[in-house]
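The values are calculated or read from the model by the stated rules, or taken from the named source; none is laboratory data. Note that this is a predicted model, so its numbers are computed, not measured. FYI the Cβ positions are ideal-geometry reconstructions off the backbone, even for glycines, and counts take in every protein chain you see.
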Amino acid sequence: MRIACGMSMALFVLGTSAVGFAAEERTFDKTVAAQPHGVVDISNVAGEVQVSGWDRQEVSIHGELGAQVERVDVSSDGGRTSIKVVLPNHTNGHGEAELRIQVPRDSEVDVSAVSADIKINGVQGVERLNSVSGDVTGELGGADAEVKTVSGEIRLKGHGAAARLHVNSVSGDVRIEHGAGDFEGTTVSGTLGVTLDSARSIQARTTSGDVRLEAKLARGANVEATSVSGDVSLRGSAEDGYSYEVSSFSGDISNCFDVQAEHGKYMPGSRLQGSRGQGSGHVRIKTMSGDVQLCDRN
Amino acid sequence: MSGSNEGTELKVTRLAELPRSIEPGRDLWPNIESKIKEIQAAAPEVSGASVIPPRRHRARLSWLAAAAMVASVAVGVWIGRSVLPAAGRGAAGTLATKSPPGFEAATEATAFDAAYVSDPRYQRQRAALLRSLPARLAELPPESRAKVLASLATIRKAKQDLESALGKDPGNALLQELLVDTYQDEMRVLTDVHDASEPGRGI
């Protein structure tokens, strides 16, 4: 009887220590060879993904894995490196992993996350960053970028290098600084705040969120900003000027060049149109009830 | 194409250079109203054969009203059966999932939903996305789910506001354009949520 009790106790202690070991966080480290202009695919459900560029032709992965993470799969085939955090089926997608990944500077980086934050710095290749509820922050490289979230915020800083930048969020705020080139941004209820050092085209659209644009417009630049109920503000300077057409159904229209908006005599709505400088660019702003501010000085 | 304006020839080279609307210099309604009254007063004298007797006219109007009502009911039934998400009916390959709180209020069709965007492919795709939405929302983190529903409610409110403004000014091109933009935004949100919760895929 005493022996049986002792064995039971020993088994219990062994069992609890095994559970304790399984519940502990653990680290993961791996380095694989990569091509300088290759593609790096990263997939993580929860936690964080930090990506930075370096001068080696290798992809290095360091991970802090939560207890519910089963493993990290890393594969390298041709120019494509794939990193995927795998969760067991029963976790219902809540296992957290914090990944720090270094990639060749000119790599294309594709990150897909659910509730993981994405941070990216020092990468000069194309960036495709998608998170459902995590925030996306960091630097824009010199190449094109496509960034999407459902509820996460997007905060990115560029270096004024011209590229195509496409950002899209359902309810998160979007903040872009020192972008350049062609910008397209949409949110439903988030605020869209964008500064562009040199813009060829801007398309900004919200449903209820405010739009705040500051840009130096290149020759012949096209700007189109619309919102249903959000306010729209554009401070856009252009050496060769631009023609502008602003219309709002019930919002106020103001500007810094003392031109009066026209109000319909027999219909609601107001409209402001005219031209600054040589009028080589085109600015078009529309709202239903949001106020509009237009200025040609940054 | 060219036009003249007080003796000055204006050359128009692109459609975009044309004004989007031209307002009359004065209120035209008094003249229109007096013309209508003149025509109405003169109508019985024009030709007896072409004037509909009041009783026949009333009967014809009743038939027209009845036909319009039948057509409205038929369109309503069609919208109910083929466009709106039916309770307990899941998308193909998707198990029907209980809708989260606020789902119906955020996704309920507005007055113009079927009438304004009549492309059947759009209607089919929207209906399928709406049917699978509860299941897709269930896959999202709770915070995101709440924010998506709030955004869909924002879109629905925007559609209602635009439709209400269009009711007062049906020919307003600005409102029509914003309404179409809002429909596109709704589809983008539905597609993003669908893609975000697709197993093994990101948005």
* Scan of the stretch B:135-145 for residues that are at the interface with chain A (Cβ under 7 Å from one of its Cβ atoms), surrounded by 18 or more Cβ atoms within 10 Å (Cβ to Cβ) and more than 18 Å from B:Asp185 (Cα to Cα), ordered by number -> B:Leu140, B:Pro141
* Asked: What is the one condition in (1) within 14 Å of chain B (Cβ to nearest Cβ); (2) surrounded by fewer than 16 Cβ atoms within 10 Å (Cβ to Cβ); (3) at pLDDT 90 or above; (4) more than 26 Å from A:Asp197 (Cα to Cα) that A:Asp252 does not satisfy?
  -> (1)
* **Test for A:Ser243: is it more than 13 Å from chain B (Cβ to nearest Cβ) and part of a strand (DSSP E or B)** => no
* Would you check which residues across the stretch A:246-276 are part of a loop (DSSP other than H, G, I, E, B) and of a type in the set (D, E, K, R) and list them? => A:Asp252, A:Asp258, A:Lys265
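Each row is one residue, and each column tells you yes or no for (1) modelled with pLDDT of 90 or more; (2) part of a helix (DSSP H, G or I); (3) under 21 Å from A:Val111 (Cα atoms).
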| position | (1), (2), (3) |
| --- | --- |
| B:Arg131 | yes, yes, no |
| B:Thr154 | yes, yes, no |
| B:Asp161 | yes, yes, no |
| B:Pro170 | no, no, no |
| B:Leu178 | yes, yes, no |
| B:Gln184 | no, yes, no |
| B:Gly200 | no, no, yes |
| B:Ile203 | no, no, yes |
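Yes/no per residue for (1) within 14 Å of the chain's Cα centre (by Cα); (2) outside the structural domain of A:Gly185 (by TED's automatic domain parsing); (3) within 30 Å of A:Val194 (Cβ to Cβ):
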{"site": "A:Gly47", "(1), (2), (3)": "no, yes, yes"}
{"site": "A:Ile61", "(1), (2), (3)": "no, yes, no"}
{"site": "A:Val74", "(1), (2), (3)": "no, yes, no"}
{"site": "A:Gly95", "(1), (2), (3)": "no, yes, no"}
{"site": "A:Gly141", "(1), (2), (3)": "yes, no, yes"}
{"site": "A:Lys148", "(1), (2), (3)": "yes, no, yes"}
* Before we move on, is A:Gly279 assigned to a loop (DSSP other than H, G, I, E, B), within 23 Å of A:Val188 (Cβ to Cβ), of a type outside the set (S, T, N, Q) and modelled with pLDDT of 90 or more? -> no
* Name, by its number, the condition in (1) closer than 24 Å to A:Thr226 by Cα; (2) touching a helix residue (DSSP H, G or I) at 6+ places or on another chain (Cβ under 6 Å) that does not hold for B:Ser197. => (1)
* **Hits in the stretch A:55-73 - residues which are surrounded by 17 or more Cβ atoms within 10 Å (Cβ to Cβ) and either at pLDDT 90 or above or assigned to a strand (DSSP E or B) (or both)** => A:Val59, A:Ile61, A:Gly63, A:Leu65, A:Gly66, A:Val69, A:Val72
* How many residues does the stretch A:174-206 contain that are within 14 Å of chain B (Cβ to nearest Cβ) and of a type in the set (Lys, Arg)? -> 1
* Asked: Mind checking whether some residue in the stretch B:146-162 is basic (Lys, Arg), at the interface with chain A (Cβ under 9 Å from one of its Cβ atoms), under 30 Å from A:Leu87 (Cα atoms) and surrounded by 18 or more Cβ atoms within 10 Å (Cβ to Cβ)?
  -> yes
* Restricting to strands (runs of 3 or more DSSP E) lying wholly in the stretch A:116-234: which have 2 or more residues that are surrounded by fewer than 24 Cβ atoms within 10 Å (Cβ to Cβ) and charged (D, E, K, R)? -> A:154-157, A:174-187, A:192-206, A:211-227
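For every residue, the table says whether it meets (1) within 20 Å of A:Val147 (Cα to Cα); (2) touching a His at 6+ places or on another chain (Cβ under 9 Å).
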{"residue": "A:Ala67", "(1), (2)": "no, no"}
{"residue": "A:Gly78", "(1), (2)": "no, no"}
{"residue": "A:Pro88", "(1), (2)": "no, no"}
{"residue": "A:Gly95", "(1), (2)": "no, no"}
{"residue": "A:Gln102", "(1), (2)": "yes, yes"}
{"residue": "A:Ser107", "(1), (2)": "yes, yes"}
{"residue": "A:Val114", "(1), (2)": "yes, no"}
{"residue": "A:Ile118", "(1), (2)": "yes, no"}
{"residue": "A:Val126", "(1), (2)": "yes, no"}
* **Residue that is aliphatic (A, V, I, L, M) and facing chain A (nearest Cβ under 9 Å), where the choices are B:Val193, B:Val180** => B:Val193
